Amino acid sequence: MIKKTLFLVVLLIGFMVTAQKKLPKNKVLIEESVANHKIDLIKISDEIWSMAETAFEESESSKLLADYAEKNGFKVDRGVAGIPTAFVATYGSGKPVISILGEFDALPGISQKASPTKDPLNAGAAGHGCGHNLFGTASLGAAIAIKELMEQGKIKGTIKFLGTPSEEKYFGKIWMVRAGLWDDVDVNISWHPSADIKADTQSSLALVDFKIEFFGQAAHASADPWNGRSASDALELYTTGINYYREHVKPTVRMHYHIQDGGQVVNVVPDYARLWMRVRDTKRSGLMPVYERTVEMAKGAAILANVDYKVSLISGIYELLVNRAGEEVMQNNLELLGPISYTAEETAFGKKIQEETGKEQVGMDSAIKPLEATKDHPGGGSTDVGDVSWNVANINLGVTTAPKGTPWHSWAVVACGGMSIGHKGMLYASNAMAMTMYDLFKDAKLVTKIKDEYKERKGQEVYKANIPDGPPPIPKN
Ligand SMILES: [Zn+2]
């Protein structure tokens with residue numbers, strides 16, 4: 001038995017040595033850079049994690065990232081695109097221009113300690129249930145590794161780290177796209193915390209968000225209801241219409257609503273009601289007719305309830321444009337890096353989360369799988385990286401930061417993002433993205449190939465930011 005174990009250990013060491021041998025010298029320098037900044041990066045990520053600031057209110061989180069970029073020699077423009085928490089950190093000059101995205105906003109109501117059982121850090125407060133504390137910090141780590149290679153004269157060009165706020169609510173990147181922040185960029189890099197590692201070859205869903213308000217006439221609900229015109233009647237009729245409409249849309253369409261105001265008390269006929277409505281489809285082209293119909297239905301509901309109505313666009317995002325040429329570069333680097341290894345404690349932490357959330361107790365999955373075929377109609381969520389991907393060639397990565405099967409946007413993801421499972425994924429993402437960027441800086445033909453695929457996939461479609469004119473909806477005070 002001992003002999004067998006010894007043999008395995010020797011084999012493993014042998015494998016690790018060969019795996020390391022495969023890394024070219026400059027990619028070893030990338031690993032060293034990430035390792036040198038590791039303590040700072042973990043500290044920044046943990047601070048963002050514990051502050052858990054939400055949509056457009058991420059002032060401290062944004063500052064932590066922007067300050068660290070500045071301290072590392074980047075020129076930082078803060079408050080870009082009319083968003084106080086958005087920034088661009090630039091280093092270098094000339095072509096190619098490679099950008100990398102950093103998100104840092106949290107989700108309301110899912111505060112959680114770095115513990116494998118549900119236990120809020122601050123009851124009712126926000127939490128990083130999408131791992132954006134890791135997202136922004138990993139991207140900054142990758143940008144710094146590239147900057148250091150430039151400083152050493154190993155590569156030439158421009159690296160831009162973009163601090164992109166409010167992904168979870170208003171989709172801040174749309175305003176940043178409209179401000180032209182990617183106009184001079186050749187290729188953009190992005191990633192997302194996940195339950196597995198992959199060069200992302202799948203698109204995301206396009207969506208549109210809008211607000212419907214109904215305006216009626218208040219009256220005593222019992223003494224003189226005939227004087228009342230109920231805004232909440234209109235709201236109920238509207239959602240009933242939506243729920244009937246579900247049967248007559250394509251299976252790729254999703255419709256969700258959130259009743260924000262349905263009246264205040266039981267004995268008043270409500271004169272005001274408000275609904276946040278969302279429509280999604282796998283393609284923006286399929287989404288728009290459904291969107292137009294759901295807007296028309298507000299008029300129908302208002303007629304039935306004899307009230308007035310108003311529809312206001314909040315924002316809408318495009319589906320992701322996949323770039324397989326770019327993902328192949330990422331895939332090569334994932335294969336160079338190999339899977340993440342976990343300690344027995346980390347595996348036990350992951351399994352406990354799986355037990356608590358009713359999932360199979362298999363721990364983390366960090367195996368490097370072959371590049372997937374791109375599906376025509378992917379399921380899943382939406383991201384404002386979609387809008388970036390319609391304006392510049394985009395490469396997307398997913399890295400394991402939580403155990404397999406973990407419910408996303410939940411306490412379980414918050415828990416992992418504040419401890420070593422999340423930290424390991426974050427540092428891994430820094431390495432994978434920096435190595436991919438390095439390949440692009442080194443090989444102009446590769447950049448051209450990626451840009452050509454982007455142009456071909458975009459085709460004749462003209463991008464139009466789906467947001468109202470005027471400034472972004474920054475919360476007051
Ligand atoms: Zn996210």
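Numbers at a glance
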quantity: Residue match in the stretch 229-243 (condition: of a type in the set (Lys, Arg), at pLDDT 95 or above and more than 35 Å from the chain's Cα centre (by Cα)); calculated: yes
quantity: Hits in the stretch 353-397 - residues which are within 22 Å of the chain's Cα centre (by Cα) and not in a loop (DSSP other than H, G, I, E, B); calculated: ILE368, VAL385, GLY386, ASP387, VAL388, SER389, ALA393, ASN394, ILE395, ASN396, LEU397
quantity: Looking only at the stretch 85-110, and only at residues there that are closer than 12 Å to SER166 by Cβ and either in contact with a strand residue (DSSP E or B) (Cβ under 8 Å, 6 or more places away or on another chain) or at pLDDT below 95 (or both), the one that is surrounded by the fewest Cβ atoms within 10 Å (Cβ to Cβ); calculated: LEU107
quantity: Failed item in (1) of a type outside the set (D, E, K, R); (2) in contact (Cβ under 8 Å) with a residue 60 or more places away in the chain; (3) not in a helix (DSSP H, G or I), with ILE146 passing the rest; calculated: (3)
quantity: Odd one out for THR201 among (1) in a loop (DSSP other than H, G, I, E, B); (2) closer than 27 Å to PRO96 by Cα; (3) within 13 Å of the ligand (Cβ to nearest atom); (4) in contact with a helix residue (DSSP H, G or I) (Cβ under 6 Å, 6 or more places away or on another chain); calculated: (3)
quantity: Complete set of residues in the stretch 168-181 that are surrounded by fewer than 24 Cβ atoms within 10 Å (Cβ to Cβ), touching a residue at least 40 places away in the same chain (Cβ under 8 Å) and out of contact with any helix residue (DSSP H, G or I) (no Cβ under 6 Å at 6 or more places or on another chain); calculated: GLU168, LYS169, TYR170, ARG178, LEU181
quantity: Qualifying residue in the stretch 266-279 (condition: more than 16 Å from the ligand (Cβ to nearest atom), in contact with a Ser or Thr (Cβ under 6 Å, 6 or more places away or on another chain) and either of a type in the set (Lys, Arg) or not in a strand (DSSP E or B) (or both)); calculated: yes
quantity: Residues located in the stretch 89-111, provided they are within 16 Å of the ligand (Cβ to nearest atom) and touching a residue at least 60 places away in the same chain (Cβ under 8 Å); calculated: ILE100, LEU101, GLY102, GLU103, PHE104, ASP105, ALA106, LEU107, ILE110
quantity: Filtered residues of the stretch 166-194 (kept if out of contact with any Leu (no Cβ under 8 Å at 6 or more places or on another chain), within 16 Å of the ligand (Cβ to nearest atom) and either of a type outside the set (Gly, Ala, Ser) or in a strand (DSSP E or B) (or both)); calculated: GLU167, LYS169, TYR170, PHE171, ILE174, SER194
quantity: In the stretch 125-157, the residues that are surrounded by 24 or more Cβ atoms within 10 Å (Cβ to Cβ), among the hydrophobic types (A, V, I, L, M, F, W, C) and either farther than 20 Å from VAL76 by Cα or within 16 Å of the ligand (Cβ to nearest atom) (or both); calculated: CYS130, LEU134, PHE135, ALA138
quantity: Hey, LYS160 more than 16 Å from the ligand (Cβ to nearest atom), more than 20 Å from ALA415 (Cβ to Cβ), in a strand (DSSP E or B) and not aromatic (Phe, Trp, Tyr) or not; calculated: yes
quantity: Close pairs (7 angstrom Cβ cut-off, 6 or more residues apart or separate chains): in contact (Cβ under 8 Å) with a residue 40 or more places away in the chain and farther than 15 Å from ARG324 by Cα in the stretch 432-450, buried (at least 19 other Cβ atoms within 10 Å of the Cβ) and of a type in the set (Phe, Trp, Tyr) anywhere; calculated: MET433/TRP191
quantity: Residue in the stretch 247-260 that is assigned to a helix (DSSP H, G or I), more than 16 Å from the ligand (Cβ to nearest atom) and at pLDDT 95 or above present; calculated: yes
quantity: All positions within the stretch 73-84 that are in contact with a Lys or Arg (Cβ under 9 Å, 6 or more places away or on another chain) and crowded, with 21+ Cβ neighbours inside 10 Å; calculated: PHE74, ALA81
quantity: From ASN72, ASN122, ASN133, residue being under 16 Å from GLU53 (Cβ atoms) and more than 22 Å from the chain's Cα centre (by Cα); calculated: ASN122
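The values are calculated or read from the model by the stated rules, or taken from the named source; none is laboratory data. Source: prediction; values computed, not measured. Every residue, glycine as well, gets a Cβ built from its backbone with ideal geometry; the counts of neighbours run over all protein chains shown.
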